[in-house]
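A short worksheet on the structure shown next.
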């Protein structure tokens, strides 16, 4: 795998190193040793699949906080998505900055999402499927979110937003004091 650091410290785009022949290709999409060589840890406890019918649909922005802070490895296995992450790590040099990456079934790219990054994506095609590995089990009490259309973030989704869940419509905006991010014993209110 090729690990390309992004402008958000700790987040990486991963591309496959394909070994091709007349049959097609073979590539490793996950290797603990390669992740460790880049200072990354992903002790996988779940593999999730999300299928989205309509292009323009946005899922997120979500994350989990301690004690279930979640690291993810995202891959689009059918169709295409615009995957967005937002750094919410207090003290990070890229705090509150976001990044968008196009993941498609064709480019076979993956995005490594560190803990305490909000995460969401928009389906760019009909019938899109995403598979992702996570290092923590889902914990509703640790889930946090931000609105996908928060003007303070300035995320530009590639398509008009067509569908958003009721839950995702109700997440707070930055600065309204309703988002509580716990980091260890410290708590930050955004």
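Scanning the range 117-146 for residues that are closer than 21 Å to residue 69 by Cβ and over 12 Å from the mean Cα position of the chain (by Cα) turns up 135, 136, 137, 138, 139, 140, 141, 142, 143, 144, 145, 146. Residue 140 meets the conditions (1) within 28 Å of residue 44 (Cβ to Cβ); (2) touching a residue at least 12 places away in the same chain (Cβ under 8 Å) in every case but one. The failed one is (2). Among the residues of the range 49-63, write down those that are surrounded by fewer than 12 Cβ atoms within 10 Å (Cβ to Cβ) and under 21 Å from residue 137 (Cα atoms). Listed by number, the list holds a single entry, 49. For residue 108, the criteria (1) on the phi > 0 side of the Ramachandran plot; (2) surrounded by fewer than 13 Cβ atoms within 10 Å (Cβ to Cβ); (3) at pLDDT 95 or above hold in every case but one, which is (2). Considering the conditions (1) more than 16 Å from the chain's Cα centre (by Cα); (2) in a strand (DSSP E or B), residue 60 is excluded by exactly one of them, (1). Residue 8 satisfies every condition listed in (1) surrounded by 12 or more Cβ atoms within 10 Å (Cβ to Cβ); (2) assigned to a strand (DSSP E or B) except (2). Put simply, of 78, 46 the only residue that is free of Cβ contacts under 8 Å to residues at least 60 places away in the same chain and surrounded by fewer than 19 Cβ atoms within 10 Å (Cβ to Cβ) is 78.
In this structure, does residue 26 turn out to be farther than 22 Å from residue 86 by Cβ, touching a strand residue (DSSP E or B) at 6+ places or on another chain (Cβ under 7 Å) and at pLDDT 95 or above?
When the stated conditions are applied, residue 26 does not pass them.
Scanning the range 18-41 for residues that are at negative phi and either crowded, with 17+ Cβ neighbours inside 10 Å or not in a loop (DSSP other than H, G, I, E, B) (or both) gives 19, 20, 21, 25, 26, 32, 33, 34, 35, 36, 37, 40.
The values are calculated or read from the model by the stated rules, or taken from the named source; none is laboratory data. For clarity, every value in this text was computed on a predicted model and none was experimentally measured. In this analysis, Cβ positions are derived from the backbone assuming ideal geometry, glycine residues included, and neighbour counts consider all displayed protein chains.
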